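The values are calculated or read from the model by the stated rules, or taken from the named source; none is laboratory data. These numbers were taken from a predicted model, which means no experiment stands behind them. Positions of Cβ are generated from backbone atoms using ideal geometry, with glycine treated the same way; all protein chains shown enter the neighbour counts. Each accessible area value is taken on the protein alone, full model and side chains, heavy atoms only, with ligands, DNA and RNA left out. Shrake-Rupley method; radii C 1.70, N 1.55, O 1.52, S 1.80 Å.
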Amino acid sequence: MSMFDDLKKAKADLFSDNIEMIDVDELHASEDNIFDIVRIDEFAQTILGQGGVKENLIVKPIVGDEDGGYEIISGHRRFEAIKFLLEKGENVSRLLPCLIANYEDENDKKLDIILMNISTRIITDAEMWRAYEILNEILQDKKKHGEKFGKIQKKLAELMGVSVAQMAKIQKVDHNAIQPIKKAIESGDVTIHTASKIANLDENEQQNLVENTELSSIQAKDIEKILEDKKGTTNSTFS
């Protein structure tokens, strides 16, 4: 069954039937989690006010590790919030409700870590870029192995919950921007919109921008002016 079929039907046999209560010490953050975990102190107070974690985490058994335990697929903020409260000595249960998933394919696990976060929160441009890089790699691999799902651009847009036009901007950056610009998106210094404007410059111009400008201060309108000036110079020379 394709990973793009209806989620509940496609993964009916992936999850265990019951919610298990698992000690916080047996849970481990996934190294594949690309999303920022911020404002934990505020989130922790919300959980405390609710009397603990009410929504289950999704975890997978860690295989091949003598310490065992479970890798978190969904619920990193809840996990960190409970640890925060316990460290402060708050009266909160260290047992968290967990739904156990059994993944045979690492790509499917990475896919779920991304999709479960995208579907439940507003993500930053930095997180969107990291998600795009991983999802694009997964889809390219799926396509190479014969899975059919149409155009990658359209499928990426569908999975990430953005328009095809927005995905075109992201792919423009991927194909035309130099590596330091991509790194600046990942670190949060440059937005995807601004980076898509920068991607219209040639490589030498982009490198000059990186070496002589504070990237975090650049706005899309600054790049538009550079492009307009270039256009004017070209037209003047031609005349």
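Kindly check whether there is at least one residue in region 40-52 that is in contact with a Lys or Arg (Cβ under 6 Å, 6 or more places away or on another chain), part of a loop (DSSP other than H, G, I, E, B), within 22 Å of residue 70 (Cα to Cα) and not β-branched (Val, Ile, Thr). So far as region 40-52 goes, no, none of its residues is in contact with a Lys or Arg (Cβ under 6 Å, 6 or more places away or on another chain), part of a loop (DSSP other than H, G, I, E, B), within 22 Å of residue 70 (Cα to Cα) and not β-branched (Val, Ile, Thr). Annotation: residue 89 fulfils all but one of (1) open to solvent by 50 Å² or more (accessible area, probe 1.4 Å); (2) in contact (Cβ under 8 Å) with a residue 24 or more places away in the chain; the unmet one is (2). Only a single criterion out of (1) under 30 Å from residue 19 (Cβ atoms); (2) surrounded by fewer than 12 Cβ atoms within 10 Å (Cβ to Cβ) is not satisfied by residue 150, namely (1).
If the condition is being open to solvent by 40 Å² or more (accessible area, probe 1.4 Å), touching a strand residue (DSSP E or B) at 6+ places or on another chain (Cβ under 7 Å), touching a residue at least 40 places away in the same chain (Cβ under 8 Å) and among the hydrophobic types (A, V, I, L, M, F, W, C), then region 20-77 contributes 21, 29. For region 156-213, taking the residues that are outside any helix (DSSP H, G or I) and open to solvent by 60 Å² or more (accessible area, probe 1.4 Å), the one that is modelled with the lowest pLDDT is identified as 161. Taking every residue in region 161-184 that is over 16 Å from residue 118 (Cβ atoms) and pairing it with any residue that is among the hydrophobic types (A, V, I, L, M, F, W, C) and not in a helix (DSSP H, G or I), at least 6 positions away or on another chain, the pairs with Cβ-Cβ distances below 6 Å are 172/199; 173/199; 176/199; 177/199; 184/190. In this structure, residue 138 does not qualify as closer than 19 Å to residue 186 by Cβ and open to solvent by 30 Å² or more (accessible area, probe 1.4 Å).
When residue 104 is tested against (1) assigned to a loop (DSSP other than H, G, I, E, B); (2) within 27 Å of residue 218 (Cα to Cα); (3) open to solvent by 40 Å² or more (accessible area, probe 1.4 Å), exactly one condition is not met: (2).
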